[in-house]
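Here is the structure we will look at, set down as structure tokens.
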Amino acid sequence: MPELPEVETVCRGLAKAIEGRTCKAVLVRRGDLRRPLPSKFAERVEARVLKKVRRRAKYLLFYFEDGTVLLAHLGMSGRLILGDESEPALHDHVLFDFDGGVRLTFNDPRRFGLMDLTQRDFLKRHPLIRRLGPEPLGKDFNAAFLSTALAARRSSIKSLLMDQSVVAGLGNIYACESLFVAGISPRRRGANTTGVRAERLVLAIRKVLKAAIVAGGSTLRDYVQASGELGYFQHQFKVYGRAGQACVRKNPKHVVRRMVQSNRSTFYCSMCQR
């Protein structure tokens, strides 16, 4: 599933291409995504100027001139791809035609993605948004906040980093990578990851996410940028997907290991992470 760097990369690509354009037409070829598209979906978007494209956690937010906001989540296999007004392909479920001959296509073979409509004034109270924690690249996410959020938590720090109410946008890949950079064991309890460790972790999360965004995100299976180009951060992974390989810190006794936490694979170096 695309995480913050992938969604941010798509967001930036879309913003450059379609902000300020009028959505001339919407073609819904299949509306039964993870949840059904809202009533009169096309009518509520057509003939409106798209003012801006933004990201919140793993959601893309499309702000239209009349206050309508379209929320989109890519799910496991969803893609939002820019192109021209050519014949739709298999699994092209929703097509948005903007002036200037620009088409935005939502393609999703597994249909785990979703789209919903709301109003700007209601956005913060929307069920998909209201419980989200702070953005990890924003000023509200800092060592003091993280220490407070973790202080009474007995769950593993790896599981807590993937809790969207603690910090928004992190998933399995970047939780593993950030914990390695911070030198913190994924097994460590949240309550034991406060203070200095929380400060190290915040810095590591920021460092990893910024590097991933510069690289265009990580392409492991389905993810592509809005232009159709792959992401390249997977070539910089230090632990994720590297079980059995030598740790990048070059000590011959250090080997990347894999374990399962909360039904997800965790990759780590037991010698480097404490």
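Looking only at region 213-246, count every residue that is out of contact with any Asp or Glu (no Cβ under 8 Å at 6 or more places or on another chain), part of a helix (DSSP H, G or I) and not aromatic (F, W, Y) and tell me the total. So the answer is 4.
Of everything listed in (1) within 28 Å of L74 (Cα to Cα); (2) without any contact (Cβ under 8 Å) to a residue 60 or more places away in the chain; (3) surrounded by 20 or more Cβ atoms within 10 Å (Cβ to Cβ), the single unmet condition for A168 is (2).
In this structure, is F96 closer than 23 Å to V28 by Cβ, within 16 Å of the chain's Cα centre (by Cα) and at pLDDT 95 or above?
Details: closer than 23 Å to V28 by Cβ: yes; within 16 Å of the chain's Cα centre (by Cα): no; at pLDDT 95 or above: yes.
Spelling it out, it is not the case that F96 is closer than 23 Å to V28 by Cβ, within 16 Å of the chain's Cα centre (by Cα) and at pLDDT 95 or above.
Looking only at region 221-258, residues that are touching a residue at least 40 places away in the same chain (Cβ under 8 Å) and at negative phi come to 13 in all.
Of the helices (runs of 4 or more DSSP H) lying entirely inside region 139-209, those containing at least 1 residues that are of a type in the set (S, T, N, Q), more than 15 Å from V239 (Cα to Cα) and outside the structural domain of R54 (by TED's automatic domain parsing) are 143-150, 157-161. Take the conditions (1) surrounded by fewer than 16 Cβ atoms within 10 Å (Cβ to Cβ); (2) under 20 Å from I129 (Cα atoms); (3) out of contact with any Lys or Arg (no Cβ under 9 Å at 6 or more places or on another chain); G67 misses just one of them, which is (3). The conditions of being within 29 Å of D121 (Cβ to Cβ), without any contact (Cβ under 8 Å) to a residue 60 or more places away in the chain and touching an Asp or Glu at 6+ places or on another chain (Cβ under 9 Å) are not met by L33. Kindly indicate whether H73 is under 25 Å from the mean Cα position of the chain (by Cα), free of Cβ contacts under 8 Å to residues at least 60 places away in the same chain and farther than 30 Å from R131 by Cα. Here the answer is no, as H73 does not meet what is asked.
Just checking, which of F96, F106 is in the same structural domain as R54 (by TED's automatic domain parsing), surrounded by 18 or more Cβ atoms within 10 Å (Cβ to Cβ), closer than 20 Å to E3 by Cα and among the hydrophobic types (A, V, I, L, M, F, W, C)? Outline the logic, then answer.
Details: F96 fails: closer than 20 Å to E3 by Cα.
Selected residue: F106, the only one of F96, F106 that is in the same structural domain as R54 (by TED's automatic domain parsing), surrounded by 18 or more Cβ atoms within 10 Å (Cβ to Cβ), closer than 20 Å to E3 by Cα and among the hydrophobic types (A, V, I, L, M, F, W, C).
The values are calculated or read from the model by the stated rules, or taken from the named source; none is laboratory data. All values derive from a computational prediction rather than experimental measurement. Methodologically, a virtual Cβ is constructed for each residue, glycine included, from the backbone with ideal geometry; neighbour enumeration extends over all protein chains shown.
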